[in-house]
Amino acid sequence: MAKIHIVLQGKGGVGKSVVAAVLAQFKVSQGESPLCIDTDPVNATFEGYKALNVRRLNILDGDEINTRNFDALIEMIAAAKGDVIIDNGASSFVPLSHYLISNQVPALLDEMGHEFVVHTVITGSQALVDTVNGFTQLVTQFPAECLFVVWLNPYWGPIEDGGKNFEQMKSYTTNKARVTAIIRMPALKEETYGRDFSEMLQERLTFDEALATASKSIMTRQRLKLVKSQLFAQLENATVL
């Protein structure tokens, strides 16, 4: 049985491609060879990770799903021998979500023996409301066959509203049963860990590539090693992965 991991969130710039890249690297660290697909029609960030052999597939034609390309995506998934990781852009969030639901794709994948895992990102500050609404939309509209993983990304600020953290918000407490895991991305100090991590992301390097880069300082590589360990430890404890 393969797991089909798709990263969905209607808000742009919240770290969807980071989630896809980290998840793919974790799978590789476990001895797996995931099929990585970038369907973002605007920013093919995930495709930039050459070490992950990401395939690009534009499933959007204007404001609508390109059915031919979407059919090709399903064929790729059906032929995959291991897990599949799909990074999807904000611009195709609404049409893709509607298409997946209306065509009962989660049920189809279930019939094939695959598990459909939706990863979504919650971030702080001004994007908090939009990302929480995106989460609510997903869990209330997608069928029971779907599993959900929430990634909390504090890069833009604390994930809290009125003194409540995400797990205390009504959106989560109402839909708690749908969430199989919560991954907390580290709050990184901008001048050290944050800068090192951001530079690694901008260079589209995997953790292993960055750690093997001799031009990076010893402490930069040490900080990146610690960030990797913190993230991978959480993924190891998430049984759905």
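Take residue 130 and tell me if it is out of contact with any His (no Cβ under 9 Å at 6 or more places or on another chain), touching a residue at least 60 places away in the same chain (Cβ under 8 Å) and acidic (Asp, Glu). In short, yes. You will find that of 171, 97, the residue that is free of Cβ contacts under 8 Å to residues at least 60 places away in the same chain and either over 22 Å from residue 21 (Cβ atoms) or buried (at least 17 other Cβ atoms within 10 Å of the Cβ) (or both) is 171 and no other.
Scanning segment 212-225 for residues that are aliphatic (A, V, I, L, M) and closer than 27 Å to residue 44 by Cβ, which turns out surrounded by the fewest Cβ atoms within 10 Å (Cβ to Cβ)? This residue is 212. If you go through segment 206-229 and keep only what is part of a loop (DSSP other than H, G, I, E, B) and not polar (S, T, N, Q), you end up with 212, 214, 216. Restricting attention to segment 41-68, the residues that are free of Cβ contacts under 8 Å to residues at least 40 places away in the same chain and in a loop (DSSP other than H, G, I, E, B) add up to 9. Among the residues of segment 122-145, the one identified as under 15 Å from the mean Cα position of the chain (by Cα), not in a helix (DSSP H, G or I) and not polar (S, T, N, Q) is 122. Of the numbered criteria (1) at pLDDT below 95; (2) more than 24 Å from residue 240 (Cβ to Cβ), the one residue 50 fails is (1). For segment 147-168, the criterion of a residue being of a type in the set (D, E, K, R) and under 21 Å from residue 94 (Cα atoms) is satisfied by no position. Among the residues of segment 153-204, those that are among the basic types (Lys, Arg), out of contact with any Phe, Trp or Tyr (no Cβ under 7 Å at 6 or more places or on another chain) and not in a helix (DSSP H, G or I) comprise 164, 184, 189. There is at least one residue in segment 131-148 that is among the charged types (D, E, K, R), farther than 24 Å from residue 47 by Cα and surrounded by 13 or more Cβ atoms within 10 Å (Cβ to Cβ). Go through the residues of segment 19-37 one by one and say whether even a single one is in a helix (DSSP H, G or I), more than 25 Å from residue 184 (Cβ to Cβ), at pLDDT 95 or above and under 15 Å from the mean Cα position of the chain (by Cα). There is no residue in segment 19-37 that is in a helix (DSSP H, G or I), more than 25 Å from residue 184 (Cβ to Cβ), at pLDDT 95 or above and under 15 Å from the mean Cα position of the chain (by Cα). Given 190, 209, 203, which one is surrounded by fewer than 16 Cβ atoms within 10 Å (Cβ to Cβ), within 24 Å of residue 54 (Cβ to Cβ), free of Cβ contacts under 8 Å to residues at least 12 places away in the same chain and of a type outside the set (Gly, Ala, Ser)? Just one listed residue meets the conditions, 203. Restricted to segment 28-59, and to residues there that are out of contact with any Gly (no Cβ under 8 Å at 6 or more places or on another chain) and more than 17 Å from residue 205 (Cβ to Cβ), the residue that is surrounded by the fewest Cβ atoms within 10 Å (Cβ to Cβ) is 31. One residue alone among 10, 89 is surrounded by 15 or more Cβ atoms within 10 Å (Cβ to Cβ) and in contact with a helix residue (DSSP H, G or I) (Cβ under 6 Å, 6 or more places away or on another chain), and that residue is 10.
The values are calculated or read from the model by the stated rules, or taken from the named source; none is laboratory data. Predicted model, so just to flag it, every value in this text is computed and none were measured. Every residue, glycine among them, receives a Cβ derived from its backbone with ideal geometry; neighbour counts consider all protein chains shown.
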